[in-house]
Amino acid sequence: MLKRAGYDEVTVFERGDRLGGVWHHNTYPGAACDIPSHLYEFSFAPNPRWSRRYAPQAEIQAYLEDVARSHDVLDRIRTGTDVTSARWDEERKRWTLETSAGVHEADVLVTACGQLSVPAVPPIPGLDSFAGPAFHTARWRHDVDITGKRVAVIGTGCSAIQVVPAIQPTVAQVDVYQRSPGWTLPKMDFPYSERSKRLFERFPVLQRLDRASVFAFQELAAAAMTRHRWLLRVFRAISRRRINAAITDPELRRKVTPTDEIGCKRIMLTDDWYPTLTKPNVELVSDRIAEVTPAGIRTQDGVERPADVLVLATGFATHGFVAPLEIAGAGARRLTDEWAEVPRAYLGLSVPGFPNMFLLYGPNTNGGSGSVVNTIEAGMGHVIAALEELERADARRIEVSRQVAEAFDRELRTALAGTVWHSGCTNWYVDENGHDPNQWPWLWTAYRRRTERIEPGAYALDR
Ligand SMILES: Cc1cc2nc3c(=O)[nH]c(=O)nc-3n(C[C@H](O)[C@H](O)[C@H](O)COP(=O)(O)OP(=O)(O)OC[C@H]3O[C@@H](n4cnc5c(N)ncnc54)[C@H](O)[C@@H]3O)c2cc1C
């Protein structure tokens with residue numbers, strides 16, 4: 001997008017050895033999108049040839065690489081390079097970055113570190129003592145052959161519900177350790193026929209129409225989770241019906257039926273989770289884990305289940321945003337100090353005291369529905385609008401007004417309080433103090449509208 005807007009001097013640092021972000025790092029069996037691919041793609045790079053409604057990981061990775069190649073930006077990307085710190089130099093109006101490959105200077109810093117890029121490993125006693133291979137879903141060990149093995153999977157979130165059905169047919173036993181169940185909805189995934197792909201290719205308007213209809217449905221879900229929570233009743237009824245249809249064992253039904261409000265935790269889309277849990281080689285364990293032993297997992301009821309391989313489907317550290325990257329802004333103020341209570345940013349994009357810096361997929365830009373790719377694209381539109389302001393004013397420094405940022409934050413926190421995410425479950429958005437640095441409490445149409453231009457007075461420009 002920067003290149004298309006005429007900004008050619010761009011350097012991208014990526015600590016991984018390939019571009020792709022989560023789609024490069026998450027290669028676990030069954031990894032796939034949970035937003036229909038016609039919305040989980042860039043509006044300027046539509047792909048009429050997705051193999052299915054919800055593309056699998058390898059295809060999304062290939063798409064992202066293809067977009068980079070066809071937009072001729074591969075040579076801007078320095079893979080295998082970790083950015084460890086960034087410091088604002090007020091005199092020179094520039095950022096100085098320390099990277100694993102040396103120092104780099106830039107007029108503008110855009111962080112795009114992801115909200116789900118740092119795997120979270122829970123502090124389970126004895127985890128290090130496990131004798132077999134143990135790994136996180138985001139670091140899947142393809143060198144470990146799990147065929148015929150006893151596998152323990154910790155977690156029942158979005159990654160687990162994909163990985164367990166994918167491995168169940170090949171393993172001897174899979175024990176799934178659940179802390180609390182989540183609500184699910186039908187994914188209704190299907191492959192696109194060659195004919196549909198050709199139609200999307202020939203008549204791009206069809207793909208745009210599909211994209212618009214997916215967006216409209218996602219907006220309905222966003223409305224249900226934020227201002228019109230009565231709509232959730234419909235989702236809950238669908239989810240309950242599916243549990244009852246797929247599971248006859250009352251004990252298993254009880255274990256998988258959440259007691260919290262639907263949407264409080266991320267709603268998971270799946271067609272095969274409940275049928276998989278009824279297979280003879282699958283056990284859903286809802287007793288708390290007491291410890292990991294060298295040979296398996298012992299739960300608090302004293303039962304030890306043996307395991308050859310341990311899979312941590314335990315999610316990500318979602319509240320750091322740029323962590324462990326250290327950022328120091330004007331007056332050497334550290335971003336971690338600015339965010340001591342909770343990470344906050346104006347429209348999720350800019351922080352007072354941190355001039356010429358923008359955060360993509362920053363604080364409060366995640367949702368219970370919608371496509372993050374779409375959000376990032378809108379955010380990037382804002383960054384470009386800000387760069388154009390800089391040029392128009394012949395300025396070298398742009399900083400969001402603290403007053404405007406604080407007013408936005410107040411508005412945001414008030415709206416958040418009424419959302420389903422704050423209805424009293426544990427989820428990856430709300431921290432132990434009740435602060436929520438992740439969720440956007442309005443429709444995505446509102447995000448687009450608010451980010452597409454620079455509000456007069458929102459930013460201060462200086463030479
Ligand atoms: C398994 C999985 C499935 C998902 N499915 C969906 C979905 O279906 N729909 C949806 O909308 N969202 C989904 N998401 C959310 C996903 O995070 C976003 O869709 C999207 O990938 C965010 O892109 P990003 O570029 O901001 O971050 P990421 O894709 O997380 O990329 C950030 C990159 O920054 C690198 N990085 C971080 N810090 C540094 C540093 N200091 N120096 C150098 N490099 C650094 C990381 O290595 C990483 O590659 C999913 C996430 C996961 C984990």
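Values as computed for the structure displayed
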quantity: FRET efficiency, 1/(1 + (r/R0)^6) with R0 35 Å, evaluated for residue 395 and residue 71 via beta carbons; calculated: 0.80
quantity: Computed accessible area, residue 141, all protein chains, 1.4 angstrom probe, square angstrom; calculated: 90
quantity: Mean separation of Cα contacts under 8 Å (6+ apart) over length of the range 128-195, as relative contact order %; calculated: 31
quantity: Accessible area in the full protein assembly, largest first, 1.4 Å probe, for 389, 406; calculated: 406, 389
quantity: Pairwise FRET efficiency - residue 58 versus residue 1, Cβ, R0 = 35 Å, nearest 0.05; calculated: 0.90
quantity: Heavy atoms of residue 319: accessible area, 1.4 Å probe, square angstrom to 10; calculated: 60
quantity: Size of charge dipole - the chain - debye, nearest 20, with Cβ of Lys, Arg +1 and Asp, Glu -1, no other charges; calculated: 1540
quantity: Residue order for 79, 375 - accessible surface, 1.4 angstrom probe, largest first; calculated: 79, 375
quantity: Potential lengthening between residue 206 and residue 131 on full extension [0.36 nm per residue; Cα-Cα distance subtracted]; calculated: 21.7 nm
quantity: Carbon and sulfur %, accessible surface of the chain computed with the full protein complex present, 1.4 Å; calculated: 52
quantity: Overall form of the range 149-235 per C-alpha gyration tensor (a/c, 1.5; a/b vs b/c); calculated: oblate
quantity: Net charge over other residues, Cβ less than 13 angstrom from the Cβ of residue 312 (K, R count +1; D, E count -1); calculated: +2
quantity: Solvent exposure ordering (accessible area, 1.4 Å, most first) of 392, 334, 233; calculated: 392, 233, 334
quantity: Tail fraction, Cα-Cα pairs, the range 195-237, threshold 12 Å, whole percent; calculated: 66
quantity: Cysteines, the chain, no other Cys beta-carbon under 4.7 Å; calculated: 33, 113, 158
quantity: Relative contact order for the chain, counting Cα pairs under 8 Å that sit 6 or more residues apart, in percent; calculated: 21
quantity: Contact order normalised by residue count of the range 13-91, Cα under 8 Å, 6+ apart, percent; calculated: 50
quantity: 22 Å Cα-Cα reach of residue 187 towards lysines, excluding residues that sit fewer than 8 places from it in its own chain; calculated: 197, 255, 265, 279
quantity: Whole-number accessible area per residue in Å² for the chain, which is evaluated in the context of all protein chains at 1.4 Å; calculated: 46
quantity: Rounded to the nearest 20 debye, dipole of the range 38-165 from Cβ charges on Lys, Arg, Asp, Glu; calculated: 540
quantity: Share antiparallel - DSSP beta bridges, the chain, percent rounded to 5; calculated: 50
quantity: Calculated [θ] (222 nm, deg cm²/dmol) that DSSP helices of n ≥ 4 give over the chain, each run adding -39,500 (n - 2.57); calculated: -8500 deg cm²/dmol
quantity: Ellipsoid semi-axes in whole angstrom, largest first, where each is sqrt(5λ) of the Cα gyration tensor of the chain; calculated: 38, 25, 23
quantity: Residue-level accessible surface for residue 73, protein heavy atoms, 1.4 Å, Å²; calculated: 40
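The values are calculated or read from the model by the stated rules, or taken from the named source; none is laboratory data. Because the structure is predicted, anything quoted here is derived from the model rather than measured. Neighbour counts are summed over all protein chains in view; Cβ atoms, including those assigned to glycine, are modelled from backbone coordinates with ideal geometry. Accessible surface areas use protein heavy atoms only, side chains included; no ligands, DNA or RNA. Shrake-Rupley method; radii C 1.70, N 1.55, O 1.52, S 1.80 Å.
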